[in-house]
Amino acid sequence: MEIRIEHLNYIYGLGTSYEKKALDDISLTIRSGEFIGIIGHTGSGKSTLIQHLNGLNRASSGQIFVDGKNIYEDGYPMRQLRFRVGLVFQYPEYQIFETTVLKDICFGPKNQGLSAEEAEGRARAAMRMVGLDEHYEGKSPFELSGGQKRRVAIAGILAMNPEVLVLDEPTAGLDPKGRDDILGVLKQLHRESGITVVLVSHSMEDVADYASRIIVLDKGKVLYDDIPAKVFSHVEELESIGLAAPQVTYVMRALRGKGWDVSQDVTTQAEAADEILEVLRKAGVKC
Amino acid sequence: MLKDMTIGQYYPGNSLIHRLDPRVKLLGTLVFIISLFTFSSISAYALATVAVLTVVAVSRVPLRYILKGLKPIFILMLITILFNLFMTPGTAVLQIWKLKMTEEGIRFAIHMAVRLTYLIIGSSILTFTTTPNSLTDGLESGLGWMNRLHVPVHEIAMMMSIALRFIPILMDETDKIMRAQEARGADFQSGGVFHRVKAMVPLLVPLFVSAFRRANDLALAMEARGYHGGAGRTKMKPLVYHRKDWIAFLVMAGYVAAQILLRIFVKI
Ligand SMILES: Nc1ncnc2c1ncn2[C@@H]1O[C@H](COP(=O)(O)OP(=O)(O)OP(=O)(O)O)[C@@H](O)[C@H]1O
Ligand SMILES: [Mg+2]
């Protein structure tokens, strides 16, 4: 499924004394099967933007087309769109309400009109995807750890079988292992089921390792929309808006500064290691 | 939707009314409300109107904004008026089936409508121009004498200010949880009463959980900073009456005097 956003503007509190322009003339297209990272400083409009993708926010002006159909047209099946574009909110564990993990994950599929058995089947599959085994099924969600709760919440969205999975800072407040686990799950999902993933974060490290395209937001505007290597080449601009390039970018820059012939297009640690080894080998060092 | 409620909100500003001592404003509101119920003639209402409009003009809160606050209670007011119209015994003016609209009823309903409207406008000027914190400060120090009657004034004021502080937070939270559940296909709008009540569960459970979590965190944070109730607690910004506050007291006295004079000399 393809989501095309055209000249989108969004203003909070329209017509009150608290008016605030959160999105400013956004145009972009999310194509099927992409893994997109959206980054931006606090308050840049990331959360506001992604809540347009499933119709929770209605644009103040501008259009959104899903598979060529305008979602703001009368009679557009908005509720269906919610199921096709699964949106995981920031701190999704705060939306958990059921008595058991399985029941909570079943909430979405049941709203889709599935029978109890079908919903449970979906829920179990979703639990496996996020790495929760069967013995969690009957547990109360409230006695799980933060990272486990977050997995439950993500499973609750995955169980609806969305075509596009949008996550708002899924790693916020997690320890490094929890972060790697969740991002690993996303990467695996993307590779195995071909689901489109939109990952919101304000950490470059998060998106650099996983996304194939990065959209940088600043004060409600799209500043860059490109492949990671291109985006990270604007280190100074990124720093001036309160972001930073991933650490490897800085390492590679420093090496180039010292006269090493390493490429600047490297964005992940693995690539950086290969690149450095390659240069060393060329220089005749055995390794 | 929830955000449209303007009643009880603070409207940031720096007008003379904003800067008055909260105790002055509290007393002023009280005097105004009492005057509404003791002086009920056309001339008294006219004077009250002039007083309200003057205060609104000085406060620089847009009148449109204040009137918007009346909307949520419009229905309530309509019901009150209808009840008074038909339920007051007296000379009938109009009869619909078994319901009699009486002359006394009409008069009473008009009084009621005027009083309720002014009561709400009066108290919203107070909340529009006073931050919740200074409001509770004003209450605490204005009612300090009740301590001698063993009323825990400080504790009540603290609870009030915490409750007031939490209202916008819980509203935001409600909005967020509603969206999160809507993203999972929850439907809060359609269906019958039973369905709708059931649909509230996914909203209310997380809301309560989060309210308790917040309350817990806050209690811990307060204790960690050595909070132990009101005894021996001093203020960073003690309330002191300034010249403008004394003048405001004089204006209030003038208003009451004018009402009394109107009552004695103008008989409409
Ligand atoms: N409910 C709201 N009412 C009014 N203004 C809002 C509301 N939500 C967000 N805003 C404003 O809109 C702007 C964008 O907010 P948004 O939540 O989209 O930012 P964000 O990029 O997700 O930030 P963060 O990284 O902190 O989550 C901010 O300036 C914020 O103050
Ligand atoms: Mg956000």
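Summed over segment B:214-229, the residues that are open to solvent by less than 70 Å² (accessible area, probe 1.4 Å) and in contact (Cβ under 8 Å) with a residue 12 or more places away in the chain give a count of 2. Would you be able to say whether some residue in segment A:81-92 is open to solvent by 50 Å² or more (accessible area, probe 1.4 Å), at negative phi and within 14 Å of chain B (Cβ to nearest Cβ)? Looking through segment A:81-92, at least one residue is open to solvent by 50 Å² or more (accessible area, probe 1.4 Å), at negative phi and within 14 Å of chain B (Cβ to nearest Cβ). In summary, strands (runs of 3 or more DSSP E) completely within segment A:1-97 and bearing 1 or more residues that are within 16 Å of ligand 1 (Cβ to nearest atom), more than 22 Å from the chain's Cα centre (by Cα) and among the hydrophobic types (A, V, I, L, M, F, W, C) occur at A:3-12.
Among the residues making up segment A:35-63, those that are open to solvent by 20 Å² or more (accessible area, probe 1.4 Å), of a type in the set (S, T, N, Q) and away from ligand 2 (no atom under 15 Å from the Cβ) are A:Ser60, A:Ser61, A:Gln63.
Considering A:Thr29, A:Thr16, which residue is modelled with pLDDT of 95 or more, surrounded by fewer than 16 Cβ atoms within 10 Å (Cβ to Cβ) and β-branched (Val, Ile, Thr)? Residue meeting the stated conditions: A:Thr29. For segment A:99-108, state whether one or more residues are open to solvent by 30 Å² or more (accessible area, probe 1.4 Å), without any contact (Cβ under 8 Å) to a residue 24 or more places away in the chain, away from ligand 1 (no atom under 16 Å from the Cβ) and polar (S, T, N, Q). Within segment A:99-108, none of the residues are open to solvent by 30 Å² or more (accessible area, probe 1.4 Å), without any contact (Cβ under 8 Å) to a residue 24 or more places away in the chain, away from ligand 1 (no atom under 16 Å from the Cβ) and polar (S, T, N, Q).
Within this structure, B:Arg23 passes the test of being under 19 Å from the mean Cα position of the chain (by Cα), of a type in the set (Lys, Arg), farther than 17 Å from B:Val114 by Cβ and open to solvent by less than 70 Å² (accessible area, probe 1.4 Å). Pairing residues of segment A:169-189 that are farther than 16 Å from A:Tyr91 by Cα with residues that are crowded, with 19+ Cβ neighbours inside 10 Å and small (Gly, Ala, Ser), at Cβ distances under 7 Å and at least 6 apart in sequence or on separate chains, gives no pairs at all. In this structure, B:Gly138 does satisfy being modelled with pLDDT of 90 or more, open to solvent by less than 60 Å² (accessible area, probe 1.4 Å) and within 28 Å of the chain's Cα centre (by Cα). Scanning segment A:1-34 for residues that are more than 16 Å from ligand 2 (Cβ to nearest atom) and within 14 Å of chain B (Cβ to nearest Cβ) yields a count of 8.
Results for (1) within 14 Å of another protein chain (Cβ to nearest Cβ); (2) open to solvent by 50 Å² or more (accessible area, probe 1.4 Å); (3) over 30 Å from A:Phe97 (Cβ atoms); (4) not hydroxyl-bearing (Ser, Thr, Tyr), shown as yes or no for each residue.
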{"position": "B:Ser190", "(1), (2), (3), (4)": "yes, yes, no, no"}
{"position": "B:Lys198", "(1), (2), (3), (4)": "yes, yes, no, yes"}
{"position": "B:Pro202", "(1), (2), (3), (4)": "yes, no, no, yes"}
{"position": "B:Leu207", "(1), (2), (3), (4)": "yes, no, no, yes"}
{"position": "B:Phe212", "(1), (2), (3), (4)": "yes, yes, no, yes"}
{"position": "B:Ala231", "(1), (2), (3), (4)": "no, yes, yes, yes"}
{"position": "B:Lys235", "(1), (2), (3), (4)": "no, yes, yes, yes"}
{"position": "B:Val240", "(1), (2), (3), (4)": "no, yes, yes, yes"}
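Looking at segment A:115-227, what helices (runs of 4 or more DSSP H) fall wholly within it and have at least 1 residues that are open to solvent by 20 Å² or more (accessible area, probe 1.4 Å) and aliphatic (A, V, I, L, M)?
The qualifying helices (runs of 4 or more DSSP H) are A:116-129, A:176-193.
Scanning segment B:147-186 for residues that are among the acidic types (Asp, Glu), open to solvent by 50 Å² or more (accessible area, probe 1.4 Å) and within 14 Å of chain A (Cβ to nearest Cβ) yields B:Asp172, B:Asp175.
The values are calculated or read from the model by the stated rules, or taken from the named source; none is laboratory data. Bear in mind the structure is a predicted one, so any value in this text is a computation, not a measurement. All Cβ positions, glycine included, derive from the backbone under ideal geometry; neighbour counts span all protein chains shown. All accessible areas refer to the heavy atoms of the entire protein, side chains included, with ligands and DNA or RNA removed. Shrake-Rupley method; radii C 1.70, N 1.55, O 1.52, S 1.80 Å.
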